[in-house]
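Accompanying notes for the structure given below.
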Amino acid sequence: MKRLITIFLGLATLSLHAAKLPMQWQIGDKELADYFSRETRALSERCLNNLTTSNAWLEQLPQRRVELSEMLGLSPLPPRTDLKATVTKRFEHDTFTVENLHFQSRPGLYVTANLYVPKNLTKPAPTILYVCGHSPVITNKVSYGTKAAYQHWGNWFARNGYVCMVIDTLESGEILGEHHGTYRAGMWWWNSRGYTPAGVECWNGMRALDYLSTRPEVDTNRFGITGRSGGGAYSWFVTAMDDRIKAAAPTAGITDLENHIVDGAVEGHCDCMFFVNTYRWDYPQLAALAAPRPLLIVNTDDDNIFPLNGVVRLRDKVRRVYDLLGAGDKCGLVITPGPHKDTQELQVPVMRWFNRHLKGEETLIENAAVKLFSPQQLKVFDTLPGDAVNARIHETFVVAAQVALPTTKDEWTVQREHWLTTLRAKCFRTWKATNQPLEKVVGNPGRTHYFQRSDTAHVSLSFDVLLDQKAEKIELVVGYPKRRTATNDPGVVQGRIRYPTTNQPAFMSTPRGIVKYAPPPIDFEAVAKKEIQLRRRHMMLGETRDSARVSDIVHAIEAIRAHKDFSTLPIRLEAEGDMAVNALYASLFAPVDELVLTKLPKSHTSGPDYLNVLRILDIPQAVAMASERGRVELRGAKAADWQYPLQTAKNLGWEKNLRVVAE
């Protein structure tokens, strides 16, 4: 088995190109592409740019960890419950022993693992936590876990004197969970709950360290972590969150927002790779949390989901932090030739890094990593446990807000102001103020005029305005264009529009984010997939498509209020379905006199998503706040579904403002 491995890394000229990304990852809408580019650039330019001394970083560090914890769904940190660790099988190889084991990182959340322990240890050994990427091993519908695919690294570390635990991922472990909630499963409510499977993977890694700390073979002062692709990402998260990691070598697991959003690499990743970007970080901010501990960034030069130019940009920013801390020699970068692939030449520098920083050695590596066991040998469970919650952990990992009916007006006032402040900070953080006026761009001899208001966003708000000089009220209707199908008119048309029966100005406006379809024939499947990936780009900017639409409606109301012809007129805001939710929240920040909401969804679990909103409140509580401000009519609704706002209005004295109408 032994052979000398020699790697020559000749990098006389490092070409910082982006790997060739698939054409379908590009954004066809120029206005939208420009918006994403501007917003990404703004976040990149402010990332770690205010650091001039080591104290500046050390002062930020506690708050940065608080923010990351929240963005991973780990705030508050879950209780460290009994791991109930169980070894189900033990077998020996020539120089090491393998244990198949499981533990519960939370009650019912099982983590399956293989532990490789060198034989003849005379003292506790340095220990590597190997976190796996996306390499499922499934035969005849039986999952053997990603640990079977990555077993060669576990036994390789053991043959080089390390204890090594290889843990399965949530999605591809022996008990299958979910990583693709927004990517393909339509679980946009993950955003509203503030949930990401990255948080589960991070927590499982932290609890793996808890288990390893109970083992007499383990030197708890010499923990290292590594993994490739998804495992590279989890290495970053665990290192950032847990100071017990003394050296890290993530492989192909991180790049910057420019690669993800502008170049489109986000389309190659599932949700477990990303935190919920509430605080609008670029990824060097995550990576810098490793400082000043030894950190080796490892990548290939032609990886299209972790392009080289973004990896190098990230490393340069992180190296500045290390230099400020006097630890520049502890921030390394290794680039080898090739695509996104698991190779030995990537891992040899990793082994040397750990030898240097966990063993204090500079030894040659004289053996290769090879797979020695069948997946069946490494399987932990003969029968899967009946109490496992892995498949539905996304429902409970982040706790939704529990809201009680207010009993007094003072109690309500405190609660309402807390909600509004928190919504603005956690859900609508990307909003920008604007004072741009409405400008008339077309005026017909009759009553129809067209207005627009320029903005810093990627679209200008346009208004089709039905005017009358004797108007006493404004009706603002917001909605989606009718979606195209294979059978309907291919033209994009305004959603439900009901012109007023009296002489009132009627403003019809469609907020941003509507996919601009190509002329027929239309590839409807491709359009739907692209729409998903555009929504995921918004997520990475710290917003959602619908939270941006709320901003558009707020700006529309403000623009109408600011126009001299309309400033004194009451506004009636009308919308339907998901857009009715956006109109509802807009009214909380730009009050209107009357809301007419048709077929309003009962919850963000089925309605539009805003980051973290379900950790604060749900749609019924927003209705209660809106009805305190003005008249609210819920059409096509059942009173039984809206008891919270109805009871609140009744108890606190504005029941006449809220009407529920079944149609």
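The values are calculated or read from the model by the stated rules, or taken from the named source; none is laboratory data. The structure displayed is predicted, hence computed values, not measured ones. Backbone-built Cβ (ideal geometry, glycine too); neighbour counts: all protein chains shown. Heads up: the accessible areas ignore ligands, DNA and RNA and are worked out on the full protein's heavy atoms, side chains in. Shrake-Rupley method; radii C 1.70, N 1.55, O 1.52, S 1.80 Å.
Check V98, V66 and return the single one that is hydrophobic (A, V, I, L, M, F, W, C) and not in a helix (DSSP H, G or I).
Only one candidate passes the filter, namely V98.
Are any of the residues in the stretch 211-222 buried (at least 24 other Cβ atoms within 10 Å of the Cβ) and modelled with pLDDT of 95 or more?
There is no residue in the stretch 211-222 that is buried (at least 24 other Cβ atoms within 10 Å of the Cβ) and modelled with pLDDT of 95 or more.
Collect the residues in the stretch 554-580 that are more than 17 Å from V623 (Cα to Cα) and β-branched (V, I, T), keeping them in residue-number order.
Once the filter is applied, which keeps residues that are more than 17 Å from V623 (Cα to Cα) and β-branched (V, I, T), the stretch 554-580 yields I557, I560, T568, I571.
In a helix (DSSP H, G or I) and either under 29 Å from the mean Cα position of the chain (by Cα) or not aliphatic (A, V, I, L, M) (or both): does that describe I557?
no
Which residue, of A425, A369, is small (G, A, S), out of contact with any strand residue (DSSP E or B) (no Cβ under 9 Å at 6 or more places or on another chain), touching a residue at least 40 places away in the same chain (Cβ under 8 Å) and open to solvent by less than 60 Å² (accessible area, probe 1.4 Å)?
A369
Quick one: which residue in R80, R90 is open to solvent by 60 Å² or more (accessible area, probe 1.4 Å) and in contact with a Lys or Arg (Cβ under 8 Å, 6 or more places away or on another chain)?
Going through R80, R90 in turn, just one is open to solvent by 60 Å² or more (accessible area, probe 1.4 Å) and in contact with a Lys or Arg (Cβ under 8 Å, 6 or more places away or on another chain): R80.
Give the stretch 335-347 a look and list any residue that's open to solvent by less than 50 Å² (accessible area, probe 1.4 Å), in contact with a Ser or Thr (Cβ under 9 Å, 6 or more places away or on another chain) and either assigned to a loop (DSSP other than H, G, I, E, B) or farther than 18 Å from Y283 by Cβ (or both), or say none.
Across the stretch 335-347, the qualifying residues are T336, G338, D342, T343, L346, Q347.
Which residue pairs have Cβ atoms closer than 7 Å, lie 6 or more positions apart in sequence or on different chains, and pair a first residue in the stretch 267-287 that is under 18 Å from S192 (Cα atoms) and of a type in the set (S, T, Y) with a second residue that is part of a loop (DSSP other than H, G, I, E, B) and open to solvent by 10 Å² or more (accessible area, probe 1.4 Å)?
T278/R429
If you check Y183, Y195, which single one turns out to be surrounded by fewer than 22 Cβ atoms within 10 Å (Cβ to Cβ) and either under 30 Å from K141 (Cβ atoms) or of a type outside the set (D, E, K, R) (or both)?
So the residue among Y183, Y195 that is surrounded by fewer than 22 Cβ atoms within 10 Å (Cβ to Cβ) and either under 30 Å from K141 (Cβ atoms) or of a type outside the set (D, E, K, R) (or both) is Y183.
Does L600 satisfy the condition of being hydrophobic (A, V, I, L, M, F, W, C), open to solvent by less than 10 Å² (accessible area, probe 1.4 Å) and free of Cβ contacts under 8 Å to residues at least 40 places away in the same chain?
no
Return the residues of the stretch 585-639 that are assigned to a loop (DSSP other than H, G, I, E, B) and among the hydroxyl-bearing types (S, T, Y); say none if nothing qualifies.
Answer for the stretch 585-639, where residues must be assigned to a loop (DSSP other than H, G, I, E, B) and among the hydroxyl-bearing types (S, T, Y): S603, T605, S606, Y610.
Just to be sure before I move on: is T255 assigned to a loop (DSSP other than H, G, I, E, B), crowded, with 24+ Cβ neighbours inside 10 Å and among the β-branched types (V, I, T) in the structure I sent?
Taking the combined requirement at face value, the residue satisfies it.
Only residues in the stretch 311-325 that are open to solvent by 10 Å² or more (accessible area, probe 1.4 Å) count as the first member; pair them with residues that are at pLDDT 95 or above and assigned to a loop (DSSP other than H, G, I, E, B), Cβ under 7 angstrom, at least 6 apart or cross-chain, and list the lot.
R313/D256; K317/C47; K317/L48; R320/L48; L325/A291; L325/P292
Being at pLDDT 95 or above and closer than 23 Å to M625 by Cα is the requirement here; does E417 meet it?
For E417, the condition - at pLDDT 95 or above and closer than 23 Å to M625 by Cα - is met.
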